[in-house]
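As structure tokens, the structure follows; a few thoughts come after it.
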Amino acid sequence: MSRETVLITGGAGFIGGHLVEQLLKKYHVVVLDNLSTGKISNLPSSPHLDFLFGDVSKVSDIDNAFEIYTFTYVFHLAAVASVAASIEKPLETHQINMDGTIHLLNAAKKQADTIQKFVFASSAAVYGSEPTLPKKETSVIAPMTPYGIDKLASESYVIAYSRLFGLKASAARFFNVYGPRQNPDSPYSGVLSILTSCVERVSNGDEKAIFNIYGDGTQVRDFVYVDDIVSGLILLAESDESTSEVFNIASGENHTLLEVIAIYEEIIHQKLPLRFESARSGDIHKSYANITKIKNIGYRSQTTLREGLAKYHAHETSQEVMVLI
Ligand SMILES: NC(=O)c1ccc[n+]([C@@H]2O[C@H](COP(=O)([O-])OP(=O)(O)OC[C@H]3O[C@@H](n4cnc5c(N)ncnc54)[C@H](O)[C@@H]3O)[C@@H](O)[C@H]2O)c1
């Protein structure tokens, strides 16, 4: 029997690559990506995978994909995923993070009869710094950056298209995602990718490695392992109960940065060299999720922070062994 076809925009990125791997077990996967931050090396080689080099802000690139294929699921992950980049270049970011979503919805609308679910990657950034915790889907929404504003507008469009045009769709607000292949190269990369890169350098005896903490390390986050995000996204795609709804995807646990560092120190049996810098303006002190809504449709966060960090570290170590060989 021939496989059903799934579109993943941004599939060559950190989260996208993991989603591709999982979906290839069952589906034919089409990735649409402009490789601005994504990499071909994030994609496995498979006869069931097609790569389309394209830009979601260009209608012609999207139309091309929908002319070639009929999709069962669409996962929209392509975005400028950096909050700092969105502050520096709001208009350019908006053309990708907002207009790109509308272009994709317009194309998907024409396949509303065959698309079983359109799933959009939103973010906890929509909640902003309003202090009530944990964040529920019904909590106050107050995005503070162009990135958060475009995510909120995009998820609102996704739900509106679901109600207006019968395109079955849902949006997922990811909290702080971490795991293998996350890019640590920018100072604004996810804190765990930068920390993990420091952990690898320390374990390899690099005496110059140092980890900068902005503030006193008591900031709290809900760190969610990438495999749990992937299983949440697939659940939203396959569930009948997710249509026209927005869900948090997170671990449901919360940890301070100092706790994360202590867990890593136990894993590598070494102390990490730390440098405390002043807190960055605009940083939210505490953010973590209530995940009852997605749990009620069957989600289970499978990976504790300790397990996730151990897997991440083991993956990075094995990569280095491969490079050395
Ligand atoms: N990583 C997190 O903690 C986190 C948290 C909340 C939400 N998200 C969202 O999840 C999604 C995936 O994030 P990620 O961490 O994997 O980031 P990433 O940068 O690794 O992935 C984004 C992908 O989109 C592609 N892309 C960017 N602009 C594009 C364009 N104009 N056309 C086509 N492709 C384009 C990039 O090349 C890349 O492959 C994003 O929408 C991001 O906003 C991520």
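Okay, here's what the table says:
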quantity: Relative contact order (percent, whole number), region 1-116, Cα cutoff 8 Å, 6+ residue spacing; calculated: 28 percent
quantity: 0 to 90° range, to nearest 10: angle between helix 257-268 axis and the chain longest Cα axis; calculated: 70 degrees
quantity: DSSP-loop trypsin sites (Lys or Arg not before Pro) across region 1-79, with at most 14 other Cβ within 10 angstrom; calculated: ARG3, LYS25, LYS26, LYS39
quantity: Contour minus Cα-Cα distance for LEU133 and HIS285 (0.36 nm per residue); calculated: 53.6 nm
quantity: FRET efficiency, SER41 to THR304 (Cβ-Cβ, R0 30 Å, nearest 0.05); calculated: 0.55
quantity: Residue (of VAL202, PHE14, PHE66) at the positive-pole extreme of the chain, dipole from beta-carbon charges; calculated: PHE66
quantity: Relative contact order (%) - criterion: Cα under 8 Å, at least six apart; region: the chain; calculated: 16 percent
quantity: C-alpha long axis of helix 191-203 to longest principal axis of the chain, angle in °; calculated: 40 degrees
quantity: Placed amide H near LEU52: partners under 5 Å, 5+ positions off or other chain; calculated: VAL31, LEU32, ASP33
quantity: Gain upon complete extension [ASP113, ALA314; 0.36 nm per residue less C-alpha separation]; calculated: 68.0 nm
quantity: Efficiency of FRET from Cβ geometry, ALA84 and GLN270, R₀ 30 Å, rounded to 0.05; calculated: 0.45
quantity: Pairwise label distance in nanometres, LYS25 with ASP206, each label 7 Å out on the Cα-Cβ vector; calculated: 3.4 nm
quantity: Relative contact order for region 185-325, counting Cα pairs under 8 Å that sit 6 or more residues apart, in percent; calculated: 35 percent
quantity: Hits among aspartates and glutamates - C-alpha to C-alpha of LYS26 under 13 Å, sequence gap 8 or more where chains match; calculated: GLU4, GLU238
quantity: Lysines with Cα under 29 Å of LYS89, excluding same-chain neighbours fewer than 8 positions away; calculated: LYS39, LYS58, LYS135, LYS151, LYS286
quantity: Qualifying aspartates and glutamates (Cα of each under 16 Å from Cα of LYS110; at least 8 residues distant if same chain); calculated: ASP61, ASP63, GLU67
quantity: Segment ASN106-SER2, extension gain: residue separation times 0.36 nm, minus the distance between their alpha carbons; calculated: 34.8 nm
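No value in this document is a laboratory result; all are computed from the given coordinates. Note that the coordinates shown come from a computational prediction; the quantities given were computed from them, not determined experimentally. Backbone-built Cβ (ideal geometry, glycine too); neighbour counts: all protein chains shown.
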